[in-house]
Structure formats: structure tokens, C-alpha cells
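What follows is one structure encoded as C-alpha cells, with my remarks underneath.
The values are calculated or read from the model by the stated rules, or taken from the named source; none is laboratory data. All of these numbers come straight from a predicted model, not from anything done at the bench. Here the Cβ is made from the backbone with ideal geometry for all residues, glycine too, and neighbour counts use every protein chain on show. These area figures cover heavy atoms from the full protein model, side chains too; ligands, DNA and RNA do not enter into them. Shrake-Rupley method; radii C 1.70, N 1.55, O 1.52, S 1.80 Å.
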Amino acid sequence: MKIKFYIYNLYQKLTEMKLSNFSGIALCLAMISCAGNDLSLESPEKNIRVEFALTAEGEPGYRVVAAGKELIAMSPLGIEASEADLGSGFSIKKVLRNKVDEVWEQPWGENKIVRDRHKEMAVVMENQDGVGLVMRFRAFDDGVGFRYEYETGLDSLTVMAENTGFLFAEDGVSWSIPGNFETYELDTRELPISEVENANTPFTFRVGDVYGSIHEAALYDYPEMNLYRCDSLGFRSELAPRPDGCKARVPGSFKTPWRSIQIAPDAVGLINSSLILNLNEPCAIEDVSWIQPQKYVGVWWGMHLGTHVWTEGDRHGATTENALRHIDFAAANNIEGVLFEGWNKGWETWGGKQHFDYVEPYSDFDIEKIAEYAREKGVSLWMHNETGGSIFEYEAALDTAFARYQELGVHVVKTGYAGGMPGNIRHHSQRAVQHYQKVVEAAAAHQIMIDAHEPIKETGIRRTWPNMMTREGAKGMEWNAWSKGNSSEYLCTIPFVRLLSGPMDYTPGVFDIYYEAADDYDDRAEWNGDYSKCYIKTTLARQIANWVILYSPLQMACDLIENYEGHPAFQFFRDFDADCDWSEALAGEPGDYIVVARRAGDRFFLGAGTNSEQRTVSVPLDFLADGVVYEAAIYGDDPDAPEVRQPDGTVAPDKTAYVITASEVTSADTLDIFMAADGGQAVVFIPKE
Ligand code: NOJ
Ligand code: CA
């Protein structure tokens, strides 16, 4: 009865869609009946169902039903390779099922304890060419994942295309960045699904009452996936090409990354899901004791303002004196790490035919002395490796450089790929994915944590390689220094899009909102016409809230340290702990607002942010431990902020105006969070003795 009903639905859908590759309906139905297999998989709570089917030509397809309604209509599956038919002629040999309900722990994360509860269905098939294909599906209560597992008997394959379809059953609204194989540093946009031509992932959407997000998990040795329009309501996967135009070269037996669709009844449910991590393999590093979250400051923002430079000379940022000053500041302010950019030779060549030296410091950066001073002060020293995209040179230097850093006691390296990769290699292509992974593994061998800028997207590999701490992979703070900057709406969108993939090194925390940039720094003129118009597009309180909202186990206070010296609001960062144990997004809508709570040890932190609309959100504090009285320090926007003319000529309430209030609260209380336009609020809750 069940099968019959399913076949009826499938028939209806296929007929409606009139898709040519699903044309042989009659045969298809016969095949399904013959096999006698139930080809559907329900999540443990039965709120999500994924169904598999083969066409008459033996082409696989799937659909997804959520909350009793079709979300993804019957959509094609398959890969094209030059050497074999990987997409058709399949018949089902057997269907294997499994279920998992386990709890696992990670050394760090939004939540250190994670539950993995899902059901699995592996459809084992073979085609006329003897190609074996297992389509493995996992249904969780917060979404589905599926991947291709091929066994061809051939030595290797050239992947020409992947034809995974995501055909929406009805239109909805979506939030994403455009598709791009070189960069993720693009503005997010809100669009009807039907108006999206192409998108990168995570691709977040709301259809009816259901929120969801398409992404991928466990991306190794394969290009990244973008979504390209193929139908009025549908997308197909488009893989980042290799320089020769093909998509990937893979062994004769290979598994693709998981294609994932997170599903939740509300937008914050997407943030609170661990689906991407659950689709990754357990930790591959035996001793993780050296992997530790950190707060950090650095010789950084000044370079983006033009008041400092990366190269040796008058304005050099990474000098011994400045390094020691930053180490002192970190030690005095409960900050674990200090980053130095521009410490190593080669910056003069950046942007041209660059050659960076990853070991040799500039002559005014006494690395031995600095490392020793940092050790004495108990501060973690970070090295920065900008490659400008020169991945082959970097690969050749990796082991020597990392061995040297290990000798110096360095446990964190920030990498960067600001520049084109050689030979037309795209930043998100298979070769680049291999490179980024090579760096992670070389780093692990030398007990080094990685913070990657211009990275490949996060796909949850931090579970397997927890030294892959954080990455950029979106427009970060730097854009505020030399472009029109990141709007508060953007900052309310990325928690529901980019950050679903994992941590982001946004580098929040500029207090000097209307900063003074170097007036002879004309780099920005190229970007924006007039750099003097640049400023931070949020209030100061929101900058503080972003430390909580924009999760990163390596969390930076990015402003010039002199702007924090003696600033009352910097107490928040002193009290903050990047080593979070538990998190929950409490309320929010993409592009509108967001409220997040986290716990680290016995302290709780709350971060809230709004878009250009002033709003007040009431939040029950029932996440606090019962029976404990907390001292809450509230860093909020000043409701009486005076109007000021901002650098771009607009008049608005002074974004630097804030108020700090203290009160005693318990889990029985409710907090009314006032947020000015472009504002926010941050709260630290410390248990009273
Ligand atoms: C871009 C990175 O995002 C930024 O953090 C860094 O300072 C520059 N590249 C130079 O490496
Ligand atoms: Ca960048």
C-alpha cells in the first residue's frame, strides 16, 4: 500500500515536471515494483522523508518531504565522466539500512557535546558497464545528507559534470551570495528562489513554513559545488572547473562530498543544527591537547587603514617594539594570542610575481626575542603566511616553515590567498581544495592551528581536523576599511548563511567607528572613489555583540590596541571566553536580527544585533543555570545618542554612543534588549559568589 502510494506520488510529480530525463515513467514504476524495495527513508522523528527512485533509463533521482509537504521535488542525481557512464543504466541490487543515535565530543565548538541521531539508507546499484554506485542517504530530524560512492574498476576517472538537482516544489525566499569559484567575499542578497541565477552555498531559504539551507559536507579532493539555475524553480550542481575545463580527476573508486539540506521549523533552528558536523568523520588527530581556542589582538587593522604597512620601512607595523607592546597588552588584558602580519620578507612582491619567505623575518622584527618574550608572558604567538595565491611555493615551504614555528613555540598560523593562483587554478577547484587540506595536515603534524583567509568554504572538516579552527570566506571587517563596508543587514544575514558552514574569522571589534585613515593612503581610492567616506556601519555595542554572534574559536579584537586602552567597554572582551561549551541561537530572522547565547565554563554571553531598524527583543533568560544569581553586565546602545554627521554625509545617532549597566538576574528573568538602528547588545553573565 505504502509503495503504491509513493509510486502514485512519483508518477504525478514526474508528469508535472515533464523532465525529459524522467520520461520513461511506466518502466520506472515497473522497476520499482520488481525490486520490491521500500526506497524511502524517514528521519527518527518522521518529520523529514527522503525518497529515492530510478527512471526507466536507470537514472537515479530523489525528493524530500518536510513537515508533510514536498520541499524538493523529484530531482536528478548523477555524475558524468569521460571514461564511463556514471549516470544511467542502473538497477538496484539491494538496499541497506542503518540507524545511529550517539553522542560525541569535540575539543572545541559552538557545542562541545553533539548528538548524531539519524537513519541511513544505502541504495546499492550497478549499471550495464559494471559501474557500482551506492547512493547513501542520511535523514536527520534537522535535514538530509546524501552522497555518491562509485566503484568502476577503472584506475581513474575524469569528472566532467555533476548533475545533482535541487528542484524546489514551490517558490520561496532565499539568502545567499552569487556563485563564484574564486571568492566568497561578496554581498549577500535576499531573492525569491525563482530569481536566483546562481549561488554559492550555504544557500538558505524559506519555503512556506520551512527554513532550509543547501550546502555540502566533508569536501576533500573534489571541487566545490555551486548551484546553477536549470529550471524555473530548480538548480543543478555546478563544480568549480580545473584549468583544462574538466571538473575533477578522481580514482576509479571515489566518494563525493555529502550534499546536505538542513531543514528547520524556524530560522534559528538552522544555526542550532549540527548536521554538517555530523556528516563528517570523527577526529583524526590523536593528541588534541594543544588545540585551544583563543582570543587575540594583532598588528593588522593599521595596515588596512594605511597607517601601517606590511613592508619594512617607516610605517612598518611588525617591528620588535610594536610586537612587544602587543604582547604586553595581551598579557594585561586576558587575551591569549597576538598576530603579526608583515613580519616576513617578501611583501614588496605581493600582487606581482610574489615570492614570500615563510621563515626569514624582516631585519626590524627580532623573532627570537619576540618569541621568548611571548613565552615569558604566557602569550601565544601567531605567524602570518600570506601566499598571494602562490600555492606551489607555499607547499614547498610548508614543512620547513612549520618546523621552525614549532621550534619557536608557535601554535597558530593565519594563512592568506589574496591573489590569483598559478596556471589559472581557481581558488575553489579540486587542486585548491587539495592544497588547503595539505596545509591543514602539515600544520597538524607540527601542532599548529590554522586560521585561513581566502579559504575554501567550511564543510565541517573541523570535526576530523580540529586544528582547522576558523576561516574567513565572506566579507570580513577589512571591507570596512576600504569599501562602503558591511551593512548591519549583511551582519544579520551571515549568521544564517555563511556561518551555517562553520566558524568565521570576521575579526570584529572596531571601537573607533569613525576612524582616521592615513590621508595619503590611496589604495582605497581605487576601491571606492573616496576613502574618507569609509567608516564602520554599526554601533559600538554591536561590535561587541559580534564577538558573541559571529562564532570563531579564534576571536579577534581587531582595532588598534590604543583604542582599547582605558576604554570601559573593553571589559567585555577581557571577560569573554572564546572556548565555548554550549550555544543557542535564541531568536532571529535572516537580514533582520539575531540573538545568540553561549556558555563557557560557568559564564554565559549573549549577543544581539539588528539591521537598520531599531528594535527591542524580549528574551527569557531560561538558558542560565537554575538557582544561580548572575551579575549581568549589559553593553548596549545609548537610546539618547546625539545625531552626528557621519563621514559619508548622512546624519544618524552617534554610533559610538553606548551605555553599560549592571544588574542581578536569574534564569526566571526576561531581558528586554534595546537595539538602535545598526545596533546591538552584548551581555556577560557571571555567577555571583
Ligand atoms: C586579506 C586578509 O583577509 C586580511 O586579513 C589580510 O590582512 C590581508 N589579506 C593581507 O594578507
Ligand atoms: Ca580577505
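Of note:
- Only one of the numbered conditions (1) in contact with a strand residue (DSSP E or B) (Cβ under 8 Å, 6 or more places away or on another chain); (2) within 16 Å of ligand 2 (Cβ to nearest atom); (3) not aromatic (Phe, Trp, Tyr) is violated by Asn480, and that is (1).
- In the stretch 83-99, the residues that are basic (Lys, Arg) and more than 36 Å from the chain's Cα centre (by Cα): Lys93, Lys94
- Here Tyr506 does not fit the description of being among the aromatic types (Phe, Trp, Tyr), within 16 Å of ligand 1 (Cβ to nearest atom) and not in a loop (DSSP other than H, G, I, E, B).
- Matching entry among Gly306, Gly342, Gly378, Gly352 (being at positive phi and open to solvent by 10 Å² or more (accessible area, probe 1.4 Å)): Gly378
- Screening the candidates Asp101, Asp141, Asp116 for the property of being under 22 Å from Ile72 (Cβ atoms) and at pLDDT 95 or above yields one hit, Asp141.
- Long-range neighbours under 7 Å by Cβ, at least six apart or interchain, first residue without any contact (Cβ under 8 Å) to a residue 60 or more places away in the chain within the stretch 254-276, second open to solvent by 10 Å² or more (accessible area, probe 1.4 Å) and not charged (D, E, K, R): Asp266/Tyr211
- Restricting the stretch 474-499 to residues that are at pLDDT 95 or above, in a loop (DSSP other than H, G, I, E, B) and open to solvent by 10 Å² or more (accessible area, probe 1.4 Å), the residue that is farthest from ligand 1 (Cβ to nearest atom): Ser487
- Checking each residue in the stretch 500-522 for being touching a Cys at 6+ places or on another chain (Cβ under 9 Å) and open to solvent by 10 Å² or more (accessible area, probe 1.4 Å) picks out Tyr515, Ala517.
- Taking (1) open to solvent by less than 30 Å² (accessible area, probe 1.4 Å); (2) over 30 Å from Asn467 (Cβ atoms); (3) in contact with an Asp or Glu (Cβ under 8 Å, 6 or more places away or on another chain) in turn, Asp116 satisfies each apart from (2).
- Criterion (at pLDDT 95 or above, in contact with a helix residue (DSSP H, G or I) (Cβ under 6 Å, 6 or more places away or on another chain), on the phi < 0 side of the Ramachandran plot and open to solvent by less than 60 Å² (accessible area, probe 1.4 Å)) met by exactly one of Ala66, Ala73: Ala73
- Considering the stretch 596-689, the qualifying strands (runs of 3 or more DSSP E), each wholly inside and each with 2 or more residues that are of a type in the set (D, E, K, R) and open to solvent by 20 Å² or more (accessible area, probe 1.4 Å), run over 643-645.
- For the stretch 220-230, the candidate set comprises residues that are more than 17 Å from Phe205 (Cα to Cα) and open to solvent by 10 Å² or more (accessible area, probe 1.4 Å); within that set, the residue that is farthest from the chain's Cα centre (by Cα) is Cys230.
- Thr464 being under 17 Å from the mean Cα position of the chain (by Cα) and surrounded by fewer than 23 Cβ atoms within 10 Å (Cβ to Cβ): yes
- Of all residues in the stretch 167-185, those that are closer than 20 Å to Ser75 by Cα and touching a residue at least 40 places away in the same chain (Cβ under 8 Å) have Cβ atoms under 9 Å from Cβ atoms of residues that are open to solvent by less than 20 Å² (accessible area, probe 1.4 Å) and hydroxyl-bearing (Ser, Thr, Tyr), 6 or more apart or on another chain, in Leu167/Ser75.
Per-residue answers, yes or no, for (1) in contact with a helix residue (DSSP H, G or I) (Cβ under 9 Å, 6 or more places away or on another chain); (2) of a type in the set (D, E, K, R); (3) in a strand (DSSP E or B):
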position	(1), (2), (3)
Gly130	no, no, no
Arg138	yes, yes, yes
Gly153	no, no, yes
Trp175	yes, no, yes
Thr183	no, no, no
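- Of all residues in the stretch 399-426, those that are within 16 Å of ligand 1 (Cβ to nearest atom) and open to solvent by 40 Å² or more (accessible area, probe 1.4 Å) total 1.
- Restricting attention to the stretch 293-305, the residues being under 19 Å from the mean Cα position of the chain (by Cα) and part of a loop (DSSP other than H, G, I, E, B) number 1.
- Filter result (within 16 Å of ligand 2 (Cβ to nearest atom) and over 13 Å from Phe340 (Cβ atoms)) within the stretch 302-318: His304, Leu305
- A residue that is within 14 Å of ligand 1 (Cβ to nearest atom) and open to solvent by 30 Å² or more (accessible area, probe 1.4 Å) can be found somewhere in the stretch 441-455.
- Qualifying positions in the stretch 591-634 - in contact with a helix residue (DSSP H, G or I) (Cβ under 9 Å, 6 or more places away or on another chain) and of a type in the set (Phe, Trp, Tyr): Tyr593, Phe605
- Of all residues in the stretch 363-396, those satisfying the criterion of being small (Gly, Ala, Ser) and more than 16 Å from ligand 1 (Cβ to nearest atom) are Ser363, Ala371, Ala374, Gly378, Ser380, Ala396.
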